[in-house]
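Each remark here refers to the structure printed beneath this line.
The values are calculated or read from the model by the stated rules, or taken from the named source; none is laboratory data. What you see is a predicted model; the values in this text were computed from it and never measured. When we count neighbours, we look across all protein chains shown, and the Cβ atoms used for this are built from the backbone with ideal geometry, even at glycine.
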Amino acid sequence: MAKGLAKKEDWRTFVEATDTQYYEETMLQGMIIGLAKMELEERIHYIRLFVPRINNWAVCDIFSGELKKTAVGKGKETVWQFIQPYLKSKEEYEEELGFNLNVAKSVIDSEAILTKELRDLANEVANYYHAPLISVYQAMLPPSLKPTSSSFNNAKIQYEKYVKCVNSNEEGLTSKQIELLRLLNISTEVKKSEIKSLSVLKKLIDNGNVIEIKKEKMRYRFENIKSLKEYPLTTLQEQVKNEFLNSNDLVYLLEGVTGSGKTEVYIKLVKETIASGKSALILVPEISLTPVMLNRFYTLFEKNVAILHSELTSGEKYDEYRRILRGEAKVVIGTRSAIFAPLDNIGIIIIDEEHVESYKQDNTPCYHAREVAIMRAKHFVSCKVLLGSATPSLESEARACKGVYHHLKMLKRVNERELPKTEIVSLQNFKNIDYTSSIFSIPLRNAIDECLKRKEQIVLLLNRRGYSTSVLCRDCGHIIRCPDCDIPLVYHSFDKLLKCHNCGYVEAEPHTCPKCGSKYLTKIGFGVEKVEEEVHKLFPNARTLRLDSDVGKLKNNIVTTLNKFANLEADILIGTQMIAKGHDFPNVTLVGLVLADLGLSLPSIRSSEKTFQLITQAIGRAGRGEKVGRAIIQTYMPSHYSIVYGARQDYQGFFANEMIRKIQQNPPYTFVSTLTISSNSEDLAEEYIIKTMELVSQNSNGAVVVIGPTKPYVYKDTLGFKRQCMFKYKNKSQFDEILENIIKILSKKTSISIKINIDALD
């Protein structure tokens, strides 16, 4: 559009207009100033008029980008003189931009750390999610490359020193020098750190016999690589692979039951991609899945693999990022933020377990890796996107059913293995209650006992961290809460601490009530730590492991725990949802869901969907070897459809039942976004959220359903008091216009902060 307008005779009339309502209009004005044919003097005139109108990063970047091709390319001296006043200026437009111009003092990087493709993608993401461009850049970069990071100067390139013999002449050398010289002469290069006598080495270097070589040291190495054989594809897998390769669609949804061999299909597609000279990007939802996936890919692609996830140190991330940027890695595997990996010439983007909510970022920019992947593939790299899951998100399944995504299916396990036999155990039925245990029913306890006798492995899942969900005073009824978030603190027996699972606040286990001083404190509810304790009590000879995010905080703990269990060094693996997906343990024949309906009580429009997905994925860990699997689902809601269909492994039945959302105007039939206002004043937060809702209602003419205001579950944190409202709409462009105007109004209020969550999951 800008190019077309720039060619019209009346472009000056449009550029000179000052009554623009939408930032898109202002952006067009800036682009035309850069694109239109004119002398440099006239262009500078229009630049001077336009600069005070810049009020967001998108406009600034687009404007600057076009000027680089014209104003900066010609008459550099004139342009330099023109910008001098701006370098020291204190004009209002600087306050709107949020920064002051300064002369660059030095060059930090010889090459751009963000490629042009990623910079363009950043603009697209910022526009779509209504996020500041700088926040997108922050999300793209590893910690050590973020300007605000404390590790900015600490995680730079590390080097290792080597020494090499270049002159074997022994004339005039001492016996020790000759001995070391002969040793060095045998090898090409030797690490300097391996030389015991540095004083002797120094003499050899000074004498010209030996030179010192500095090589870059990479800080990350994937350990415990097992030699794994590559399995031939089954007929069904081969059909799916060929259908993907021979089609020209952009996005593919691979719906494959647990144990159908989706990973093998991924591997073959990546091999094809690499063979064609292109690179591959693979996303996994959890850190816990990364070692499993890595082991498979390292075996096949070795040094061509790079890894990006949050368990790496700043230095390790920095090294991996630069390896990718330099083209030394052709396969990148990582969690959510790896979607921004600086890979060149991408041929395929694979998102494994695409339904998992961890692909959605909670902080600004609130992007979804799946949507960014499609955005990147469509507009910037021209590659295919493959979404894989046994339980696809409703959005993806609906799009596949409509033909928006190409629907691939693998509805049978490899080698026709049976799906686990599943039993729903009602905790409402007293016949099932084991009065010696507060956690396990009679059927589950008996099943564990039988499994242990057969030397088979067991997975027990409860999607709740900690030991007890809260600590209560029996005298006054006071529940100990987080001072910042005002939510109950969770007791963790491992380190005897009370923890806030929202902000991370920690305090020591109290011995008296902080309100009334009573000694009678009691712990309410239970988490995985309590389950672990109960297992030790009931099955004292069983070897147990626990895997949750608390265990995973210690480096390499996740890898170590999973490897131990895979190597049959434990009988029972206890954990949260981290153990429910992606893992392949052939000796696991029993999966027990300790309390399957836990998620149904959450205030979420997706509670049923999440519950079904968790049940299905967890059950899928059983019976993946030669032995038939079994699953026991403990629940207080045995007739709930998400539990019934989950037990049957019946995704299509659940999908048909859940699509009643159409009546309720919920996704995937509508878009849902939320806006949260925070303030140190609870009254101000309430006042501005109401004003926001009124503005949206007035300007949408009924096209946007406004819900609220509400207090979020965590309604108070370090940013202050929070109030939230929800928007449901079908026309995103219309909603974007309304929202952009509201952001302009709210962003001028220094007493509040706002958070926009486009395509909110809850």
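Mind listing just one residue for me: the one in the stretch 253-296 that is polar (S, T, N, Q) and over 20 Å from the mean Cα position of the chain (by Cα) and, of those, nearest to Leu236 (Cα to Cα)?
Of the stretch 253-296, the ones polar (S, T, N, Q) are 258, 260, 263, 273, 276, 279, 288, 290, 295.
Retained after the next criterion (residues that are over 20 Å from the mean Cα position of the chain (by Cα)): 258, 260, 273, 276, 279, 295.
Details: Thr258: 14, Ser260: 9, Thr273: 20, Ser276: 24, Ser279: 25, Asn295: 24 Å.
Once the filter is applied, the top-ranked residue is Ser260.
Restricting attention to the stretch 630-637, does a residue exist that is buried (at least 22 other Cβ atoms within 10 Å of the Cβ), on the phi > 0 side of the Ramachandran plot and not assigned by TED's automatic domain parsing to the domain that holds Ser396? Scanning the stretch 630-637 turns up no residue that is buried (at least 22 other Cβ atoms within 10 Å of the Cβ), on the phi > 0 side of the Ramachandran plot and not assigned by TED's automatic domain parsing to the domain that holds Ser396.
If you check Pro443 against the conditions, is it within 30 Å of Lys262 (Cβ to Cβ) and not aromatic (Phe, Trp, Tyr)?
Details: within 30 Å of Lys262 (Cβ to Cβ): no; not aromatic (Phe, Trp, Tyr): yes.
Here the answer is no, as Pro443 does not meet what is asked.
Out of Val528, Val535, I need the residue that is crowded, with 19+ Cβ neighbours inside 10 Å and under 25 Å from the mean Cα position of the chain (by Cα). Which one? Before you say what the answer is, go through the steps one by one.
Details: Val535 fails: under 25 Å from the mean Cα position of the chain (by Cα).
Exactly one of Val528, Val535 is crowded, with 19+ Cβ neighbours inside 10 Å and under 25 Å from the mean Cα position of the chain (by Cα), namely Val528.
Determine if the stretch 384-393 includes at least one residue that is closer than 21 Å to Ala622 by Cβ, over 26 Å from the mean Cα position of the chain (by Cα) and crowded, with 18+ Cβ neighbours inside 10 Å. Within the stretch 384-393, not a single residue is closer than 21 Å to Ala622 by Cβ, over 26 Å from the mean Cα position of the chain (by Cα) and crowded, with 18+ Cβ neighbours inside 10 Å.
Looking across the stretch 545-556 at every residue that is buried (at least 18 other Cβ atoms within 10 Å of the Cβ) and not in a loop (DSSP other than H, G, I, E, B), the one that is modelled with the lowest pLDDT is identified as Gly552. Of the candidates Lys360, Lys330, the single residue that is free of Cβ contacts under 8 Å to residues at least 60 places away in the same chain and either on the phi < 0 side of the Ramachandran plot or assigned by TED's automatic domain parsing to the domain that holds Lys278 (or both) is Lys330.
So, restricting to helices (runs of 4 or more DSSP H) that lie completely within the stretch 84-147, which ones have at least 1 residues that are at pLDDT below 60 and acidic (Asp, Glu)? Before you say what the answer is, go through the steps one by one.
On the way: elements: 92-97, 116-129, 133-140.
Correct list: 92-97.
In the stretch 216-250, the qualifying residues are those that are surrounded by 12 or more Cβ atoms within 10 Å (Cβ to Cβ), modelled with pLDDT under 95 and of a type in the set (Lys, Arg), and the one that is farthest from Val559 (Cα to Cα) is Lys217.
Among the residues of the stretch 658-686, those that are surrounded by 17 or more Cβ atoms within 10 Å (Cβ to Cβ) and more than 29 Å from the chain's Cα centre (by Cα) comprise Leu684, Ala685. Suppose the filter is small (Gly, Ala, Ser) and under 20 Å from Lys215 (Cβ atoms); does Ser193 pass it? When the stated conditions are applied, Ser193 passes them. Looking across the stretch 175-200 at every residue that is loosely packed, with under 11 Cβ neighbours inside 10 Å and in contact (Cβ under 8 Å) with a residue 24 or more places away in the chain, the one that is nearest to the chain's Cα centre (by Cα) is identified as Ser193.
Which members of the stretch 295-344 meet the condition of being in a loop (DSSP other than H, G, I, E, B) and not charged (D, E, K, R)? Talk me through it step by step, then tell me what you get.
Keep residues of the stretch 295-344 that are in a loop (DSSP other than H, G, I, E, B), which gives 309-313, 326-330, 335, 341-344.
Matches in the stretch 295-344: His309, Ser310, Leu312, Thr313, Gly327, Ala329, Thr335, Ala341, Pro342, Leu343.
Against the conditions (1) part of a helix (DSSP H, G or I); (2) in contact with a helix residue (DSSP H, G or I) (Cβ under 9 Å, 6 or more places away or on another chain), Thr676 satisfies every one except (1).
Return yes or no: is Ala400 crowded, with 19+ Cβ neighbours inside 10 Å, touching a Lys or Arg at 6+ places or on another chain (Cβ under 6 Å), small (Gly, Ala, Ser) and at pLDDT 95 or above? It would help to see each step written out before you state the result.
Values: crowded, with 19+ Cβ neighbours inside 10 Å: yes; touching a Lys or Arg at 6+ places or on another chain (Cβ under 6 Å): no; small (Gly, Ala, Ser): yes; at pLDDT 95 or above: yes.
Taking the combined requirement at face value, the residue does not satisfy it.
Find the strands (runs of 3 or more DSSP E) located wholly in the stretch 695-762 whose residues include 1 or more that are farther than 27 Å from Glu395 by Cβ, and list them. Because the criterion is at least 1 residues that are farther than 27 Å from Glu395 by Cβ, the strands (runs of 3 or more DSSP E) in the stretch 695-762 that meet it are 720-729, 752-757. Report yes if Ala685 is outside the structural domain of Ile745 (by TED's automatic domain parsing) and out of contact with any Leu (no Cβ under 6 Å at 6 or more places or on another chain), otherwise no. Here the answer is no, as Ala685 does not meet what is asked. So is Lys303 surrounded by 18 or more Cβ atoms within 10 Å (Cβ to Cβ), under 30 Å from Gln158 (Cα atoms) and modelled with pLDDT under 90 or not? When the stated conditions are applied, Lys303 does not pass them.
Among the residues here, Ser642 qualifies as farther than 29 Å from Ser697 by Cα, surrounded by 18 or more Cβ atoms within 10 Å (Cβ to Cβ) and modelled with pLDDT of 95 or more. It is to be established whether one or more residues within the stretch 735-744 are within 29 Å of Cys485 (Cα to Cα) and in contact with a Ser or Thr (Cβ under 9 Å, 6 or more places away or on another chain). For the stretch 735-744, residues within 29 Å of Cys485 (Cα to Cα) and in contact with a Ser or Thr (Cβ under 9 Å, 6 or more places away or on another chain): present.
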